[in-house]
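Report on one structure; see the data block that follows.
Every number here is computed from the coordinates shown, using simple stated rules; none is lab data. In this text the structure is predicted, and so the values were computed from the model without any measurement. All Cβ positions, glycine included, derive from the backbone under ideal geometry; neighbour counts span all protein chains shown.
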């Protein structure tokens with residue numbers, strides 16, 4: 001009897017994790033599952049909840065996990081053949097330079113066996129015209145992770161900072177800055193749009209732009225979920241990836257406006273992701 005060697009396609013996610021809430025790996029996993037992808041979550045930081053979820057309780061318990069564990073876990077998972085079905089890698093929040101360097105090493109270890117693997121880097125380092133990670137961590141993202149990425153998903157501020165251009169206001173300026181990062185596919189979120197609209201822009205061998213109505217306050221975790229949806233669509237080789245991911249997120253943003261955190265139900269997140277791709281009823 002021949003044993004089947006088929007494996008469920010999975011994505012290795014190296015990012016932050018919360019015990020309660022939908023941020024980091026918790027927001028990414030349901031987005032991946034919407035496309036039939038499993039999630040192997042490797043946390044860089046573990047918190048009880050996002051700091052904005054329970055502001056009255058003060059700083060949440062938890063903290064960064066040892067950076068050395070990233071390569072230790074990846075070494076073991078490789079030896080166990082746990083990555084046989086690996087379809088991609090998604091990197092997110094990095095607490096320190098050591099975490100960035102360990103993640104880069106992990107990518108190299110995996111790509112030694114899977115050289116064509118897609119890697120999406122969400123270079124989380126700031127927003128609203130300010131860094132919320134130390135400058136040396138942001139610099140390490142540009143030095144170690146972006147050169148290994150197939151796709152990067154910076155917001156407009158992160159793009160300007162990583163490209164060294166400073167604030168960006170025009171589409172042409174953002175496109176030129178994206179080309180400086182030398183990543184094959186850059187998806188820029190929070191780009192400027194006319195008449196109170198906001199744009200998501202793809203810069204690759206083509207320039208595409210999708211506009212939606214801006215929502216004043218969106219919950220934390222939206223960027224994590226967007227990266228997951230875009231990677232899932234990319235792995236399906238969906239030519240409408242930008243439009244589908246952008247419109248799905250716009251619907252979820254409208255439903256979640258003025259909330260600190262995303263809806264807690266994973267089913268609700270999965271349904272929101274699937275409505276556009278599979279034409280499910282709302």
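Where both partners of a DSSP beta bridge lie in region 114-200, what percent of those bridges are antiparallel, to the nearest 5?
45 percent
Sort 99, 220 so that the residue with the fewest other Cβ atoms within 10 Å of its own Cβ comes first and the one with the most comes last. Display every interim value, and only then the final one.
On the way: 99 24, 220 20.
Ascending number of Cβ neighbours within 10 Å: 220, 99.
What are the extents of the Cα atoms of region 1-105 along their three principal axes, listed from largest to smallest and rounded to whole Å?
60, 30, 19
Can you tell me the length gained on complete extension of the stretch residue 143 to residue 204, counting 0.36 nm per residue apart and subtracting the Cα distance?
Extending this stretch completely gives an extra 20.0 nm.
Among 249, 94, 222, which comes first, then next, by fewest other beta-carbon atoms within 10 Å? Intermediate results must be reported in sequence, preceding the final value.
Values: 249 25, 94 32, 222 19.
Final ranking by Cβ density, sparse to dense: 222, 249, 94.
Antiparallel DSSP bridges in the chain: what percent, to the nearest 5? Don't jump to the answer; show the numbers that get you there.
Working: 18 of 43 bridges.
That works out to approximately 40 percent antiparallel.
Under the rule a/c < 1.5 gives rounded, and otherwise a/b versus b/c splits prolate from oblate, where does region 131-233 land using the Cα gyration tensor?
The shape class here is rounded.
Using just the alpha carbons, could you tell me how many Å³ per residue the convex hull of region 10-276 encloses?
Per residue, the Cα convex hull of region 10-276 comes to 119 Å³.
How many angstrom lie between the Cα centre of region 135-153 and the Cα centre of region 199-229?
19 Å
Counting pairs of alpha carbon atoms under 8 Å apart in space and at least six apart in sequence, what relative contact order in percent does the chain give?
Numbers: 531 pairs, mean separation 49.7, N = 282.
Answer for the chain is 18 percent.
What list do you get for 93, 54, 230, 132 if you sort them by fewest beta carbons within 10 Å? It would help to have the intermediate numbers written out before the result.
On the way: 93 24, 54 15, 230 29, 132 11.
By the 10 Å Cβ count, ascending: 132, 54, 93, 230.
Suppose only helical runs count, i.e. DSSP H with n ≥ 4. What mean residue ellipticity at 222 nm does that imply for the chain under -39500 (n - 2.57) per run, divided by all residues and rounded to the nearest 500 deg cm²/dmol?
So the calculated ellipticity at 222 nm is -11000 deg cm²/dmol.
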